Amino acid sequence: MSRVVLAMSGGVDSSVAAHLLTQAGHEVIGVFMRHGEASASACRISSDDASDPNPLGLPVLGSGPAGTATAGKRADHKQGCCSATDAADARRVAMSMDIPFYSLDLQEDFRKIVDYFVDDYLNARTPNPCVKCNHWIKFGKLFDYADGIDADFVATGHYARMQHEDGKQHLLRGLDDGKDQSYALFGIGRERLSRMMLPVGDFEKSKIREIAASLGLGVSEKKDSQEICFVTQGHHSDFVKSRRPDRIGTTAGDFVTTDGKIVGQHNGFEAFTIGQRKGLGIALGTPHFVVRIEADTRRVVLGSPDELLAPGLEADQANWLIDPHDIPGLVSVQIRYNGRPHAARIQLHADDPAKFAVHFCEPQSAVAPGQAAVVYDGARVLGGGWIVAATTR
């Protein structure tokens, strides 16, 4: 039996992960990571009543007070994560399984994620805060906590798998292709793979919900978290402006076509992402997409679907889960969370393996600076980096 620290988010996946680990005979310690935006109070257990909707003294994201129907709900009515309601759900599951449950106050650390999100948009990049949060905070702090209590392993409810082969641990895609989350885990330190457990990765999502229902867990039909947890209402650009009011108006500029023709004006390039077609606010007669955003000129460049295609990309800040010089000649590369991998070849920078180029076998659409480029060999995650620029033809 091993001591395992499990990240419990209050969702069905981490709840069933707790069950699978305890059934396997492990000593499980549940941890809820509070990193919501608005709270002056420390994360604490304030009630022994499992029916208390806010038992940890956590902030609520909705406008209603604790104990009301709107407590802990997002203003945009979408499913996020890390709210008071999520904490209460996680605690109830832990109590039902008789495992210890603690909460970590990571609010100070989480400001780094918010600042990154805002800064990237203001630098004409498309950030991925959920992936960064996994790398910087969730696994970093989980391992710190595990070390502090002499735990052997850290576990989460991510849909990915660990495989021991040739004396090494490898990170693989989850069994359920539709729910695979290995893309979000490429930045985990190679030295930590041997201490990771991903119990739900060997199951289909439907089976996980079936297990939760058979256990009588109230979270069995809870929706999956799909939204940025700190943007709870409005457009992401509204959030950016609220965090950087001094930049309001300084990012406004022109819409131009790829041949340089001015076709309109916009109120701030932070409102747009590469590949966007809807919500541009202008009509050009034929479908046009955002193909480039220029922070220096403040121009949002529009073009045809063909002009969105790129033969490759440049990436930096690489994290390799193998020796990068062992990367096969032909791999597959995934360039967005909900995308699929595409056949490609990797070229490492001559002097810095943290930088690399991707050469796709076929041009790919909407390569967005700021997103992750994750490299696979079949189901195995080899590593990845952050897109700096699309390669021009």
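The values are calculated or read from the model by the stated rules, or taken from the named source; none is laboratory data. Just so it is clear, the model here is predicted, and its values are computed rather than measured. Don't worry about glycine lacking a Cβ; one is built from the backbone with ideal geometry, like all the others, and counts go over all protein chains shown. Areas reflect the complete protein model, heavy atoms only, side chains present, ligands, DNA and RNA absent. Shrake-Rupley method; radii C 1.70, N 1.55, O 1.52, S 1.80 Å.
Scanning the range 93-136 for residues that are hydroxyl-bearing (Ser, Thr, Tyr) and under 15 Å from the mean Cα position of the chain (by Cα) returns Tyr116, Thr126. Could you please find all residues in the range 1-50 being assigned to a loop (DSSP other than H, G, I, E, B), at pLDDT 90 or above and over 30 Å from Ser242 (Cβ atoms)? Those that are assigned to a loop (DSSP other than H, G, I, E, B), at pLDDT 90 or above and over 30 Å from Ser242 (Cβ atoms): Ser2, Met8, Ala24, Gly25, His26.
In the range 268-290, the residues that are modelled with pLDDT of 90 or more form Cβ pairs under 7 Å with partners that are assigned to a strand (DSSP E or B) and among the hydroxyl-bearing types (Ser, Thr, Tyr), at six or more places apart or across chains, as follows: Gly275/Ser365. Considering (1) among the small types (Gly, Ala, Ser); (2) open to solvent by 60 Å² or more (accessible area, probe 1.4 Å); (3) not in a helix (DSSP H, G or I), the lone condition that Ser194 does not fulfil carries the number (3). Going through the range 288-326 one residue at a time, which ones are touching a strand residue (DSSP E or B) at 6+ places or on another chain (Cβ under 7 Å), surrounded by fewer than 20 Cβ atoms within 10 Å (Cβ to Cβ) and among the aliphatic types (A, V, I, L, M)? If the condition is that a residue be touching a strand residue (DSSP E or B) at 6+ places or on another chain (Cβ under 7 Å), surrounded by fewer than 20 Cβ atoms within 10 Å (Cβ to Cβ) and among the aliphatic types (A, V, I, L, M), then Leu309, Ile322 are the ones that fit. Of the listed requirements (1) in a loop (DSSP other than H, G, I, E, B); (2) open to solvent by 30 Å² or more (accessible area, probe 1.4 Å); (3) modelled with pLDDT of 95 or more, Asp180 misses just one: (2). On the given criteria, is Val219 under 21 Å from Leu6 (Cβ atoms), among the β-branched types (Val, Ile, Thr) and surrounded by 12 or more Cβ atoms within 10 Å (Cβ to Cβ)? Considered against the rule, which asks whether it is under 21 Å from Leu6 (Cβ atoms), among the β-branched types (Val, Ile, Thr) and surrounded by 12 or more Cβ atoms within 10 Å (Cβ to Cβ), Val219 comes out as yes. Strands (runs of 3 or more DSSP E) fully within the range 334-393 that include at least 3 residues being surrounded by fewer than 17 Cβ atoms within 10 Å (Cβ to Cβ) and touching a residue at least 12 places away in the same chain (Cβ under 8 Å): 342-348, 356-365, 380-391.
For the range 233-287, filtering for residues that are of a type in the set (Ser, Thr, Tyr), part of a loop (DSSP other than H, G, I, E, B) and either surrounded by fewer than 17 Cβ atoms within 10 Å (Cβ to Cβ) or out of contact with any Phe, Trp or Tyr (no Cβ under 6 Å at 6 or more places or on another chain) (or both) leaves 4.
A count restricted to the range 93-123 and to residues that are more than 28 Å from Gly30 (Cα to Cα) and among the hydrophobic types (A, V, I, L, M, F, W, C) stands at 3. Residue count for the range 13-23 under the criterion of being touching a residue at least 12 places away in the same chain (Cβ under 8 Å), surrounded by fewer than 24 Cβ atoms within 10 Å (Cβ to Cβ) and out of contact with any strand residue (DSSP E or B) (no Cβ under 8 Å at 6 or more places or on another chain): the result is 2.
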